[in-house]
Every structure is written in C-alpha cells, then in structure tokens.
Amino acid sequence: MKKTLQKTLKMKNILLGMIAACTFAVLAIAAETPFNDNVPDKYTVKKGDTLWDISDFYLRDPWLWPEIWYVNPQVKNPHLIYPGDIISLVYIDGQPRLTLQRSRNVKLSPGIKVLPHAEAIPALPLDIINNFLTRNRVVTQEEVDGAPYVVAGHEKRLLSGTNDTFYARGQFDDTPAYGLYRIGKPYLDPVTEEELGIRAQDVGSAKLKTVDDDIGTLLATRVVEEVRVGERLLPHEERRLESIFYPSAPDTDVEGVIMAVEGGLSQVGHLDVVAINQGEREGLKQGNVLAIFKRGETVMDKVAKEKITLPNERAGLLMIFRTFEKMSYGLILDSQRPLAVNDIVENP
C-alpha cells in the first residue's frame, strides 16, 4: 500500500512538472511571438496599402516580415501582392506564418482578365520617393568635371526656359538627350569628413541640336527651374525604382548618422527623405530598415561631481530605398520624437 502511494505521488509530481513545463513553454512562445495583439486571421489587401503598412499592422517589428512569410509554391511570384489578395495567419509546424492567397484572376465571359503587374502594391509610398528621385542625383567630382556646362542663352540671355535655345561647352558624345543639373554641395561624412558624393539637382532636360568644335547648341525640352550659366549636362539616368522588396534588417552591423534632409531642413519628420553616411560598401540594400536614436545628453552627476553621458534613446525608423557606394537615401517611416540631422542610425 505504501509503495503504491509513493508511486502515485511520484507520478503526480512528474505530471505536474510536465504541465508546468508546457505552461512555461506556452508563455515563452507567447512572449516571443512577433505578432501584434488581436490581429485578424485574414486580411484582404486594399488599394492604397503598402507592404510596410501591412507589415506594421501584423508585426511588432515590421522588418521581421521575411522571417515569418511562408512562400506558397502555388503562388508564382509571392513578392507581388495585389489589391484583393488575402493574407492569412496560419501555423506551420507549430510556428506562426503569414501566407498569401492570390485573387488576381477575375473570371469574365468568355475569358479571364488578369490585372497588370503595375497594380501590385508598393513597399513604400512611391509617389513621395519618385518625386524625390526625379529631382536628385548623386554624382562624383569626376563626373562633374567631365560634364559639359551651360555658357550662354540665346542672344546672350543668361537664363533659358522651355523651348529656348542655349549653348553649352564641353565634350559631347552621341547622346541626343541630356539632363540639366545644378551642382550642389558635396555630402561629407560628419564623422570621417570623407566626401561621399555630390548632390545634383534636376532643373530640366535638353536635346542636342548641333556641335561646333566643343560648343553645343541645345534646345530646352523641359524646365523645372530657369536654366543658369554653369548648369551641368549629364546623360539621362535610368531612374527605375524597385518597388517590390521586403522590409528587412541589414545583414551587417550598421553604425551611421543622418547627414541631410531633403529641402535643406535640420528637423526630420514622418515621410521625410534623408541621406545617411552608410552605403553599399557597408552592406546596405534596398528595403533595409534602420532604427534612429537620439544621442544621450551629457549631465552633471552632482553626487560623484562629474559629467556623465546618458544612454542613446530610440526615436524612430527609416527604410532605405536607394543605395550608392558610400551613402544612401531613406524614408522616415516612424518618428516617436522630433528627429534631426546627426541623429544616429543603427540596426533595428
């Protein structure tokens, strides 16, 4: 009888231990889940959505999207998400995952209408980014020095408008069309003072008519601002922006700063475009998300009678949408505090 009771108690303890272990495991999984609270099992993509919106809706950390995205082999290209598609929260091998149910084919009699790829939702609000990219370009000093430049307008006028003729001097090649750019100040790394690139602002477009020695006669076909003497002519750049990329954390450690804000401002806000001093050589790619930190203030410790620096405070997020060798452009997606030039950017 005594042995039976001891055996029963031992079995009870084992069962209680197993229940406790399972409970702790469930709690641990719940604590580690990447999803926001009370998210729906299904979400139908709407026109106007962006991939970042959906990622932020489902996930506590939106850049973890690639890690919880389940590639359905029945979906030909899971990187394309269209209005009407259904995103479902499911469990695969015990792990929470998001899946995509394609609804792009709309049956019409007698055939099937397929929506064009141009209607896929973008990763970011492309109207803001495209507007920025059509006005800006990063070039090297070598490119600037080798580019033809405006020397005079028609009949010695200093400024030219659309459909005006003007003259430029330099080495012209077989390129029939040029972009007109106003060369700005170089981007200097605030830490190392290295020149990372030179900002070239778009002011218009021109068509080459004739060349006499090193003097070219051109027609202004598009003018954003009045063309001035000294503007540089550069071959048109293909500005195709890849809209289909997932939010992701960088593959390498990133430690940089915000160098500049579009518009020459010092304060930074939601959906502002910023330039940072990290680029392709540091491993940055389109879609990489970076956390923004405010520098910790220096205060006086009155007890120890010495100055100390407080920890940096996280203040926002940005996503990289254009990379160059030494620098990148990013879009501010979240700002919990006022941001500014020289704020720190690091891995999220």
Practice task
Mind listing whichever residues of the range 269-284 are part of a loop (DSSP other than H, G, I, E, B) and either of a type in the set (Gly, Ala, Ser) or not assigned by TED's automatic domain parsing to the domain that holds Arg337 (or both)?
Solution key: Gly269, Gly279, Gly283
Problem - Criterion: buried (at least 17 other Cβ atoms within 10 Å of the Cβ), modelled with pLDDT of 70 or more and part of a loop (DSSP other than H, G, I, E, B) - qualifying residue of Pro122, Pro83 - result: Pro122
Exercise for the section: Kindly check whether there is at least one residue in the range 100-112 that is at pLDDT 75 or above and among the hydrophobic types (A, V, I, L, M, F, W, C). Expected result: yes
Problem - Considering residues of the range 187-203 that are touching a residue at least 40 places away in the same chain (Cβ under 8 Å) and buried (at least 16 other Cβ atoms within 10 Å of the Cβ) only, the residue farthest from Gln171 (Cα to Cα) - result: Asp189
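Output the residues belonging to the range 18-76 that are modelled with pLDDT under 80, under 27 Å from the mean Cα position of the chain (by Cα) and not acidic (Asp, Glu).
Within the range 18-76, the subset modelled with pLDDT under 80 is 18-33, 63, 65-67, 69-76.
Then keep just the ones that are under 27 Å from the mean Cα position of the chain (by Cα); that gives 32-33, 63, 65-67, 69-72, 75-76.
Of everything in the range 18-76, those that are modelled with pLDDT under 80, under 27 Å from the mean Cα position of the chain (by Cα) and not acidic (Asp, Glu) turn out to be Thr33, Trp63, Trp65, Pro66, Trp69, Tyr70, Val71, Asn72, Val75, Lys76.
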Problem - Odd one out for Ile215, checked against (1) outside the structural domain of Ala147 (by TED's automatic domain parsing); (2) of a type in the set (A, V, I, L, M, F, W, C); (3) surrounded by fewer than 16 Cβ atoms within 10 Å (Cβ to Cβ); (4) touching a residue at least 40 places away in the same chain (Cβ under 8 Å) - result: (1)
Problem - Subset tally (residues that are within 16 Å of Glu237 (Cβ to Cβ) and in contact (Cβ under 8 Å) with a residue 24 or more places away in the chain) for the range 123-147 - result: 15
Practice task
Can you give me the number of residues within the range 173-186 that are buried (at least 18 other Cβ atoms within 10 Å of the Cβ) and part of a loop (DSSP other than H, G, I, E, B)?
Solution key: 0
Problem - Any hit, the range 303-314, residues being crowded, with 22+ Cβ neighbours inside 10 Å, under 19 Å from the mean Cα position of the chain (by Cα), outside the structural domain of Arg199 (by TED's automatic domain parsing) and not aromatic (Phe, Trp, Tyr) - result: no
Completion exercise
Selection from the range 125-148 of residues surrounded by 15 or more Cβ atoms within 10 Å (Cβ to Cβ) and modelled with pLDDT of 90 or more yields Val138, Val139, Thr140, Glu143, Val144, Ala147, Pro148
Problem - For Val254: the one exception among (1) touching a residue at least 40 places away in the same chain (Cβ under 8 Å); (2) under 23 Å from Gln201 (Cβ atoms) - result: (2)
Problem - Residue satisfying condition, being under 21 Å from Arg60 (Cβ atoms), without any contact (Cβ under 8 Å) to a residue 60 or more places away in the chain and touching a Pro at 6+ places or on another chain (Cβ under 9 Å), within set Leu290, Leu333, Leu284 - result: Leu290
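Just for the range 320-330: of the residues that are of a type in the set (A, V, I, L, M, F, W, C) and crowded, with 24+ Cβ neighbours inside 10 Å, which one is farthest from Ile258 (Cα to Cα)?
Applying the first criterion (of a type in the set (A, V, I, L, M, F, W, C)) to the range 320-330 yields 320-321, 324, 327.
Then drop every residue that is not crowded, with 24+ Cβ neighbours inside 10 Å, which leaves 320-321, 327.
Numbers: Ile320: 12, Phe321: 15, Met327: 10 Å.
The residue in question is Phe321.
The values are calculated or read from the model by the stated rules, or taken from the named source; none is laboratory data. This one's a predicted model, so the numbers in the text were calculated from it and none came from an experiment. Counting neighbours? That spans all protein chains shown, and the Cβs are built from the backbone with ideal geometry, glycine included.
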